[in-house]
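Throughout, read-outs are computed from the coordinates displayed, never taken from laboratory work. Values in this document were obtained by computation on a predicted structure and should not be read as measured data.
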Amino acid sequence: MAAPVVSNGSIPNGTANFDSIVAGANGTVVIDSLGGLTNYASSWDRGAYTITSTSGSGRYIDTNYDGAGRMNGESIDIAPAGPNFSGSGLTFTFDTPINAFGLNIGDWGTCCQPSSLYISFDGGAVVLVATSLFYGDNPGYIVGQGFTNFVGAFDTSGTFSKVSFYGDGVGEVLVAGGEIRYATLELGSVGGVPEPATWAMMIIGFGGAGAMLRRRRGVSALVA
């Protein structure tokens, strides 16, 4: 399996980008807003998938991380414990394989820098999502959304059933969940994932190219 394409942005921008890419690949985004999670459990069955504490320890449930509802659902303590999956993080196991996945993060980049986020698929290579180097470099904080962000990943070279996610900023609160997004797309349908502004420019460019092609066809018809 090729390395997945992973993006990190604010929740509004990141989720809009994720949804646009799935729609552009003729896919359907499934959105699960987490709610009713049992506090200090180590596993939560969501029907189509199960969330587990990777270490097997019970985890705190934050029902409204920042008091403003920006996480769009309940979130689960990641419990950062250093640069490995065994001591921290969450694992998402899907009944039906997927190849697009996203989740909301709270409290990343508030302290304990450098603080990194990591993701892995089906027990494969660990992928670095992003690293916070100083207070306030969280993409959500930059656009006035507090310390919240969205991490999305695509790999249409195949499918995966298990996603593991963790952070290594020991001392950070760090929670994840809110809304879980996922989809199963046609193989090869998504290559590099552009940022939202780039995606918009691509759409404009495609529209311009289509208009130019139509004009050229019209000229050709007149000449003929």
Scoring segment 5-191 by relative contact order with C-alpha pairs under 8 Å, at least six apart, yields a percentage of 33 percent
Per principal axis, descending, Cα span of segment 5-191 in whole Å: 40, 34, 31
